[in-house]
1. From GLY77, GLY69, GLY58, GLY83, which residue is within 22 Å of HIS114 (Cβ to Cβ) and either without any contact (Cβ under 8 Å) to a residue 60 or more places away in the chain or of a type outside the set (A, V, I, L, M) (or both)?
2. Restricting to the range 56-66, name every residue that is farther than 15 Å from GLY37 by Cβ and over 10 Å from the mean Cα position of the chain (by Cα).
3. Mind checking which residues of the range 71-108 are closer than 17 Å to GLY41 by Cβ, in a strand (DSSP E or B) and touching a Lys or Arg at 6+ places or on another chain (Cβ under 8 Å)?
4. When residues of the range 39-55 are filtered for being outside any strand (DSSP E or B) and touching a residue at least 60 places away in the same chain (Cβ under 8 Å), how many remain?
Amino acid sequence: MFGDKKNKIKDSERSLISETVSIEGTINSSGAIDVAGLIKGPVISKEIVIRETGSITGSIEGDRVEIHGHMDGKISGDDVIVGSTGTVKGDIEFGNNLRTENGADIDGYIKKTHGSKSKLKPDFLFSKSPKEEKRPKENGGSEANLNKDSEVIA
């Protein structure tokens with residue numbers, strides 16, 4: 001039953017941050033993230049959807065970004081959609097398309113960029129965090145220390 005499936009991460013998988021969840025820190029995902037809860041910190045993902053109950057305070061970057069809830073920070077994406085219930089307080093940079101529905105509330109600058117500036121690389125999940133520092137232990141080994149702003153990998 002469990003042995004039939006291969007243990008590979010699929011880029012098409014979706015992660016849900018539900019209404020009862022609040023996260024503080026950096027979130028990285030090679031798949032898609034649906035946000036119905038609260039996030040304080042940057043979010044980098046292939047696809048980001050902020051649902052009506054969702055809120056992000058911090059920058060977001062993705063190939064496809066949909067805002068139906070609250071966003072307070074800079075948005076960078078190839079395709080950006082601000083729905084009728086969406087509120088954006090921050091600048092929007094888009095590469096291909098920007099769509100706003102009737103009722104969308106945007107307070108910030110909008111800029112079309114040329115070319116994709118996505119930070120998403122196939123192996124970004126497995127690279128070391130720039131916040132990680134190694135220090136020698138007293139017994140000769142090494143110890144990795146992460147600060148309180150450690151990254152969450154979804």
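The values are calculated or read from the model by the stated rules, or taken from the named source; none is laboratory data. On a predicted model such as this, the values are computed, not experimentally measured, just so you know. In this analysis, Cβ positions are derived from the backbone assuming ideal geometry, glycine residues included, and neighbour counts consider all displayed protein chains.
1. Working: GLY69 fails: within 22 Å of HIS114 (Cβ to Cβ); GLY58 fails: within 22 Å of HIS114 (Cβ to Cβ); GLY83 fails: within 22 Å of HIS114 (Cβ to Cβ).
Result of the check over GLY77, GLY69, GLY58, GLY83: GLY77.
2. Within the range 56-66, the subset farther than 15 Å from GLY37 by Cβ is 59, 61-66.
Scanning the range 56-66 gives ASP63, ARG64, GLU66.
3. Once the filter is applied, which keeps residues that are closer than 17 Å to GLY41 by Cβ, in a strand (DSSP E or B) and touching a Lys or Arg at 6+ places or on another chain (Cβ under 8 Å), the range 71-108 yields MET71, ASP72, SER76.
4. Let us first name the residues in the range 39-55 that are outside any strand (DSSP E or B), namely 41-42, 51-54.
The next check asks that each one be touching a residue at least 60 places away in the same chain (Cβ under 8 Å); those that pass are 41.
The number of residues fulfilling the criteria is 1.
Quick grid of which residues meet (1) surrounded by 13 or more Cβ atoms within 10 Å (Cβ to Cβ); (2) in contact with a Leu (Cβ under 7 Å, 6 or more places away or on another chain); (3) of a type in the set (Lys, Arg); (4) at pLDDT below 55:
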site	(1), (2), (3), (4)
GLY54	yes, no, no, no
GLU61	yes, no, no, no
LYS89	yes, no, yes, no
LEU98	yes, no, no, no
PRO122	no, no, no, yes
PRO130	no, no, no, yes
ALA154	yes, no, no, yes
